[in-house]
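> The following block contains the structure, expressed as structure tokens.
Throughout, read-outs are computed from the coordinates displayed, never taken from laboratory work. Note that the coordinates shown come from a computational prediction; the quantities given were computed from them, not determined experimentally. Cβ sites come from the backbone with ideal geometry, for glycine too, and all protein chains shown count toward neighbours.
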């Protein structure tokens, strides 16, 4: 199994904290995760949210590609709102900044995002886009009748996933690309969503709210309020459903606890969904930056080896 | 004479026929160059430039790249000279600019231009004839998005319901610069109260005339431009001696003007008409004229100081010192930048 950090939402979680500091901490968390063996870091994107979620995964993706050296950089653009050529160009730039480390997980717009961008924000001719348009106003073009994004990404083939609810799962089935369920969806719902999306030998990614500490009690003590706070902000943004108690949310959505608890939960998702790539949030802005860094370290030392180091002797496993 | 700020530019990240490079190398180099310039407080801003769908990969996404630069630097301001605004969705520009400004702690200088190449408008399904309207409406969308509350804008090109763009920028008033290559864009910039970036194709006399036009237009329109900056792009190069500077920079400058800008009909003949590859003699003459204009900021430090003082005397307040030429060895232009920062700017 592979592991990513994120998606980093970079919202403002407390009035006492400036957004510039939240963003800088997120970049530092990415560097920490790279050091402790994570495979990727993820930049989330949502538009028009009351809690100031990051609205450009491209800008933050470029920053993550610059700060990190080896891990992949996941960007999560909301697609379907503007001409996809913009996204193609931006992702190509990020991929060149990171020398071929980008993964794109396209997101389906929320109702509020679709409302904000209007019903038809760009003209098109075919079912989706006609590029170039049949434009009668050529005056200077040098006879070129095809458009190609330049520069190309550094990678020969860019990994493309799709994230969201029912619509995203359907896109994944049709396009035969990995379906990447967001962290707020509960396991019983995920069984149906994932059905028919898993490809033989392919990546089966999943995002989860995760927090790890030396003891389960300590993990809850540190993370409960922060994760509950984030969940409420997701509800306010129209992304998650409200009215569930924290205990209900924990049962099938959150992975909080000591190493054994987290490992047990991760095996559960692996067993029931075939998941082999978990993107764990771990970073919550209501939490002290130092505690987040410690959790990232512990995850790297106690969780990653369990799933990545084939043949790890029990005697060594128990050391952490 | 007004105080003259100096920025450096203009990074385009091209892998040209004369200087083919792996793009990852070019992007890595930009980040390292930005960090290098960040060391010198005398260099105010680092500027990047945009085009789309051009064979050599000319950088198409300036605000994305700005995110990388913000992560690579601590102090230097990050500018676009310029983002081809009419080819973009204004609301998306506002969102991305706000994130760059937050990420960088308020270091964004948002430079906007109309754009002019047909293929670029075609590629985005945008009618080129709408570009002025898109620009003017787009500025209103961006300013509204940067302010408190929702946008709620109804225009012919953009229609945005009452949604609030979040996050907001870090700066209370993000500087907006408008690339102004002729009388109409200058008047448009004056109407908006924006700072301007004048073309690199202007003589000192033409520059003075354009700056006068900007202030006269603002006065006639009753727009306060007292805080606006007057920027100009000038190609330049600093070396230990004039001969060394000419030897290093002039072939690349000629290539830039003749092959690169020539392909886009960017240069003009003596009548002001665009010239391209279809009129090679006139293109050569136009490139030659421009070489002689920029030659005043190519040389040893003392000579470049004089050249920049002449520019300051026209009323310009910010020079984008265009020292990023194609296919020159990196150590050479880092040396040019260092001399600019330590020997030139402090002595202007």
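> I need the Kirkwood Rh of chain B: take the reciprocal of the average 1/r across all distinct C-alpha pairs and report it in angstrom.
20.4 Å is the Kirkwood radius here.
> When DSSP assigns beta bridges and you keep just the ones with both residues in the protein assembly as shown, what percent turn out antiparallel, to the nearest 5?
Here the antiparallel bridges make up roughly 5 percent for the protein assembly as shown.
> Could you work out how much longer the chain between residue B:203 and residue B:284 gets when fully extended? Use 0.36 nm per residue separation minus the Cα distance between them, nm to one decimal.
27.4 nm
> Could you work out, for region A:174-305, what percent of all Cα-Cα pairs fall into each 10 Å distance bin, beginning at 0 Å and stopping at the bin that holds the largest distance?
Spelled out bin by bin, region A:174-305 gives 12, 43, 34, 10, 0 percent.
> Counting only helical runs of four or more DSSP H residues, what would the 222 nm mean residue ellipticity of chain A come to if each run contributes -39,500 (n - 2.57) and the total is spread over all its residues?
-12000 deg cm²/dmol
> First check a/c for region B:280-348, with a ≥ b ≥ c the square roots of the eigenvalues of its C-alpha gyration tensor; if it is under 1.5, answer rounded, and if not, answer prolate when a/b is larger than b/c or oblate otherwise.
Judged from the Cα gyration tensor, region B:280-348 comes out oblate (a/c at least 1.5, b/c at or above a/b).
> So what is the diffusion coefficient of region B:95-173 in µm² per second by Stokes-Einstein at 4 °C and 1.567 mPa s, using a Kirkwood Rh over Cα pairs?
94
> Once you've got the GNM for chain B with C-alpha springs shorter than 10 Å, pick whichever of B:34, B:97, B:71 has the biggest mean-square fluctuation.
B:71
> Send over the per residue convex hull volume for region B:23-65, Cα only, as a whole number of Å³.
In region B:23-65, the Cα hull volume divided by residue count equals 72 Å³.
> Kindly provide the helix-only [θ] at 222 nm of chain B, computed as the sum of -39,500 (n - 2.57) over DSSP H runs of four or more divided by all residues, to the nearest 500 deg cm²/dmol?
-13000 deg cm²/dmol
> Suppose each label sits 7 Å from its Cα in the direction of the beta carbon; what would the residue A:267-residue B:342 distance come out to in nanometres?
Between residue A:267 and residue B:342, the simple spin-label model gives 6.2 nm.
> Could you give P(r) for region B:143-301, binned at 10 Å from zero, as whole percent values over all Cα-Cα pairs?
10, 26, 28, 21, 12, 2, 0
> When the gyration tensor of region B:19-102 is built from Cα positions, what are the square roots of 5 times its three eigenvalues, in whole Å, from largest to smallest?
Working through the eigenvalues yields semi-axes of 21, 18, 10 Å.
> Apply 1/(1 + (r/R0)^6) to the Cβ-Cβ distance of residue A:175 and residue A:28, taking R0 = 35 Å, and write down the FRET efficiency to the nearest 0.05.
It comes out at approximately 0.50.
> Translational D (Stokes-Einstein, µm²/s) of region B:14-165 at 4 °C and 1.567 mPa s when Rh comes from the Kirkwood sum over C-alpha pairs?
Result for D is 79 µm²/s.
> So what's Rg/Rh here for region B:160-237, counting alpha carbon atoms and using the Kirkwood radius for Rh?
My calculation of the ratio gives 1.08.
> Once R0 is set to 41 Å, what does the formula 1/(1 + (r/R0)^6) return for the Cβ-Cβ distance between residue B:152 and residue B:75, expressed as a FRET efficiency to the nearest 0.05?
Efficiency at R0 = 41 Å is approximately 0.65.
> Moving to a separate point now. With the calculation restricted to Cα positions, what are the radius of gyration and Dmax of the protein assembly as shown in angstrom?
So, for the protein assembly as shown, Rg and Dmax equal 26.0, 84 Å respectively.
> May I pose another question? Where both residues lie in chain B, what percent of DSSP beta bridges are antiparallel, nearest 5?
10
> Moving to a separate point now. Assuming 1.306 mPa s and 10 °C, estimate D for region A:264-320 with Stokes-Einstein, Rh taken as the Kirkwood radius over Cα pairs, in µm²/s.
122
> From the mean inverse distance of alpha carbon pairs (Kirkwood) and the Cα radius of gyration, derive Rg over Rh for chain A.
Rg divided by Rh gives 0.99.
> Compute the helix-to-body angle for A:289-298: its Cα long axis versus the longest principal axis of chain A, expressed 0 to 90° and rounded to tens.
In chain A, helix A:289-298 runs at an angle near 80 degrees to the longest axis.
> Let me ask another. If I take the Cα coordinates of region A:1-99 and project them onto the principal axes, what are the three extents in Å, biggest first?
For region A:1-99, the Cα extents along the three principal axes come out at 37, 34, 24 Å.
> Continuing with the same structure: Relative to the longest principal axis of the C-alpha atoms of chain B, give the angle of the C-alpha long axis of helix B:301-313, reported between 0 and 90° and rounded to the nearest 10°.
Roughly 40 degrees, rounded to the nearest 10.
> Sticking with the crude label model, points 7 Å out along Cα→Cβ, report the distance from residue A:235 to residue B:212 in nm, one decimal please.
That separation, rounded to one decimal, is 6.7 nm.
> How large is the Kirkwood hydrodynamic radius of region B:70-120, counting all unique pairs of alpha carbons, in Å?
Roughly 11.8 Å, rounded to one decimal.
> Additional query: Please report the equivalent ellipsoid semi-axes of region B:200-244, computed as sqrt(5 x eigenvalue) of the Cα gyration tensor, largest first, in whole Å.
Largest first, region B:200-244 gives 32, 12, 6 Å.
> Sticking with this structure for a sec: Measuring from the lowest to the highest alpha carbon on each principal axis, how far does region B:90-230 reach, largest first, in angstroms?
The Cα atoms of region B:90-230 stretch 45, 35, 28 Å along their principal axes.
> Considering only DSSP beta bridges with both partners in region B:79-221, what is the antiparallel share in %, to the nearest 5?
The antiparallel proportion sits near 15 percent.
> Now, a different point. Calculated FRET efficiency, residue A:217 and residue A:14, Cβ-Cβ r, R0 35 Å, to nearest 0.05?
With R0 = 35 Å, the Cβ-Cβ based efficiency is 0.90.
> Measuring from a point 7 Å past the Cα of residue B:241 along Cα-to-C-beta, which residues in region B:287-322 have an amide N at less than 16 Å?
B:299-303
> So how tilted is helix B:62-72 from the main axis of chain B? Cα-based, degrees 0 to 90, rounded to 10.
On a 0 to 90 degree scale, this one is about 70.
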